[in-house]
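Chemist: Encoded as structure tokens, here's the structure I'll be asking about.
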Amino acid sequence: RLVAIEALGALAEDIDRSALRLHRAFSEPRATRRSLRVFPDIATAVETRVASGGIEVAAARLLVERGVAPARFDGSQGGYTWRSDPRLTRPTAIRMSEDQVRDLLTAIECPTRVVYANPAQPYFPEALRRARFACLRHGELVVLDGGHHLHMEQPEAVTAAIGGHFAGPRH
């Protein structure tokens, strides 16, 4: 059994962009450790995350609390910085085509419950997510109001949507 929340399959790209993507991934200079922004306190970091868009205060607080670390300086400055691996911002070397993603989705044999947010997110538009869902042999769709961080914005509703999915009989 499988549950997919606000995603179904990998980010895809037109096959004619493969060489360009590979070139960019390996020709870009290695990520250097740049100065990270220092927030004086957790509340300021939460406000900044909310201001960047697409997230409610409660969800932003969860992201911030697990994503920042005390700033470390030789001087007496304090505060918090984002804990991050600079490699995460490097370009992806290879992406599958949409046909490859859909081929993989059609091969999923287990019962699959998909939980999507409404409205659809720009990176995963409605037509695309419906087409991908249609690839599933044993798919069940649940749509809840929310955004990219649906599981954090509405944890009770997502839990209810998942329900007894893992307890049912196998196909």
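Chemist: Could you order Leu20, Leu136 so the one with the most accessible surface comes first? Probe is 1.4 Å. The partial results should precede the final answer.
Modeler: On the way: Leu20 70, Leu136 20 Å².
Final ranking, largest accessible area leading: Leu20, Leu136.
Chemist: For a quick check of understanding: with a 1.4 angstrom probe and all protein chains in place, what accessible area in square angstrom does His148 have, to the nearest ten?
Modeler: For His148, the solvent-accessible surface is approximately 90 Å².
Chemist: Remind me, relative contact order of the chain in percent, using alpha carbon pairs under 8 angstrom and six or more residues apart? It would help to have the intermediate numbers written out before the result.
Modeler: Values: 224 pairs, mean separation 55.5, N = 171.
Averaging sequence separation for qualifying contacts and normalising by length gives 32 percent for the chain.
Chemist: Towards the positive end of the charge dipole of the chain, with charges on Cβ (+1 Lys, Arg; -1 Asp, Glu), say which of Ala93, Thr106, Gly9 has the farthest Cα.
Modeler: Ranked along the dipole, the leading option is Ala93.
Chemist: Using modelled amide H (1.01 Å from N, peptide plane; none on Pro or chain starts), what sits under 5 Å from the amide H of Glu13, excluding residues fewer than 5 places away?
Modeler: Here Met96, Ser97, Glu98 satisfy the definition.
Chemist: When you take every Cα atom in the stretch 84-171, what is the radius of gyration, and what is Dmax, the widest Cα pair distance, in Å?
Modeler: Just the Cα atoms of the stretch 84-171 yield Rg and Dmax of 15.3, 43 Å.
Chemist: Please report, in debye to the nearest 20, how large the charge dipole of the chain is about its Cα centre when each Lys and Arg carries +1 at its beta carbon and each Asp and Glu carries -1 there.
Modeler: In debye, rounded to 20, the chain gives about 600.
Chemist: What is the extension gain from Glu13 to Ser27, computed as 0.36 nm multiplied by their sequence separation minus the C-alpha to C-alpha distance, in nm to one decimal? List each step's numbers first, then the result.
Modeler: Working: separation 14, 0.36 × 14 = 5.04 nm, distance 1.93 nm.
Fully extending the segment from Glu13 to Ser27 adds 3.1 nm.
Chemist: Can you give the convex hull volume of the alpha carbon atoms of the stretch 1-143 per residue, in Å³? Don't skip to the end; give the middle numbers.
Modeler: Details: hull volume 20.4 nm³, N = 143.
Looking at the stretch 1-143, the number lands at 142 Å³ per residue.
The values are calculated or read from the model by the stated rules, or taken from the named source; none is laboratory data. All of these numbers come straight from a predicted model, not from anything done at the bench. Cβ coordinates were reconstructed from backbone atoms using ideal geometry, including for glycine residues, and neighbour counts include every protein chain displayed. In case anyone asks, the SASA skips ligands and DNA or RNA and just uses the protein heavy atoms, side chains included. Shrake-Rupley method; radii C 1.70, N 1.55, O 1.52, S 1.80 Å.
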